[in-house]
1. Does LEU180 fit the bill of being assigned to a helix (DSSP H, G or I), touching a residue at least 40 places away in the same chain (Cβ under 8 Å), surrounded by 19 or more Cβ atoms within 10 Å (Cβ to Cβ) and in contact with a strand residue (DSSP E or B) (Cβ under 8 Å, 6 or more places away or on another chain)?
2. Could you check, for region 95-105, whether at least one of its residues is within 11 Å of the ligand (Cβ to nearest atom), touching a Ser or Thr at 6+ places or on another chain (Cβ under 9 Å) and open to solvent by 10 Å² or more (accessible area, probe 1.4 Å)?
3. Which one of GLU61, GLU140 is away from the ligand (no atom under 14 Å from the Cβ), open to solvent by 50 Å² or more (accessible area, probe 1.4 Å), farther than 19 Å from MET190 by Cβ and in contact (Cβ under 8 Å) with a residue 24 or more places away in the chain?
4. If you take the residues of region 13-44 that are closer than 30 Å to LEU186 by Cα and open to solvent by less than 50 Å² (accessible area, probe 1.4 Å), which of them is farthest from the ligand (Cβ to nearest atom)?
5. Inside region 215-235, can you point out the residues that are within 12 Å of the ligand (Cβ to nearest atom), of a type outside the set (Val, Ile, Thr), surrounded by 15 or more Cβ atoms within 10 Å (Cβ to Cβ) and in a helix (DSSP H, G or I)?
6. Looking at region 64-100, which of its residues are in a helix (DSSP H, G or I) and touching a residue at least 12 places away in the same chain (Cβ under 8 Å)?
7. Of all residues in region 147-177 being more than 20 Å from the chain's Cα centre (by Cα) and of a type outside the set (Lys, Arg), which is surrounded by the most Cβ atoms within 10 Å (Cβ to Cβ)?
Amino acid sequence: MTTSALRLGINIDHVATVRNARGGLLPDPVRAAKLSEKAGADGITAHLREDRRHILDTDIERLSSEIPLPLNFEMAATPEMVEIAVRTRPHAACIVPEKREERTTEGGLDARGQYNHLQPIVARLRDAGARVSLFIEPDEAQLEAAMRLGAPVVELHTGRYCDLVNDSETRQAAHELNRLRDAARLGSAMGLEIHAGHGIAFDTVTRIAEIPEIVELNIGHFLVGEAIFIGLEGAIREMRRLMDEARAGAR
Ligand code: PXP
């Protein structure tokens, strides 16, 4: 297949995490979004959690009115979040599983098991003009369910692969990478647009970016952490460079 361009969405949630640790207004996630654009990001991703632990409703309002880049609104499949998405009309809505006690999104959405719950939500978001994506594990049954639900996009959960690389579990990491490759190929053949995200860092981005069917990566926590050392703009530029290099090598 011909390899298409790879977009970079910057998840700014953890700028808001640092702000909320103190209360008040700083650091401002909207400023981070503006800087992300300058550094070469193609989109901004923000997760409005039910418990508002990082991004707040006002952040979503400001992101949609002040940032020219497409906004990818990450949301749980709840009536409250659907109402906010319909009102805000983001470019994209990515449905993620959400458990109150988790530290970050653990595992993908069970699109197959929750089919009846998700179907009207996907339809409503699509009717509101959002490009709907489902955050799923790289698994055939989940891809098929996403297709049947009418979601045009899936985002493959890369968290397990990245954790295995961090733990130097080389064989298991290779197995997980193959699952991502297979799912990307299969999903793309089904007609789904393939994105990927979660836990991606400088040392894991290359293998993921080499998967030709993937057209968008969403990356946040690592970049916000790296910003402490080299600045957000420098961290994003380096990520962009590694993505472009991987893509050029994959051609
Ligand atoms: N994509 C999705 C669907 C997510 O839920 C998250 C985490 O909020 C990310 C991407 C970004 O993950 P990370 O912050 O680990 O880079």
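1. So LEU180 passes the test.
2. So far as region 95-105 goes, yes, one or more of its residues are within 11 Å of the ligand (Cβ to nearest atom), touching a Ser or Thr at 6+ places or on another chain (Cβ under 9 Å) and open to solvent by 10 Å² or more (accessible area, probe 1.4 Å).
3. Result of the check over GLU61, GLU140: GLU61.
4. GLY40
5. HIS221, PHE222, LEU223, GLU226, ALA235
6. Listed by number, the residues that qualify are SER64, GLU66, GLU80, MET81, VAL82, ILE84, ALA85, VAL86, THR88.
7. ALA173
The values are calculated or read from the model by the stated rules, or taken from the named source; none is laboratory data. Note that the structure is predicted; figures quoted are calculated from it, not measured. As a convention, Cβ positions derive from the backbone with ideal geometry for all residues, glycine included, and neighbour counts pool all protein chains shown. Keep in mind that these areas ignore ligands, DNA and RNA; they rest on the heavy atoms of the full protein, side chains included. Shrake-Rupley method; radii C 1.70, N 1.55, O 1.52, S 1.80 Å.
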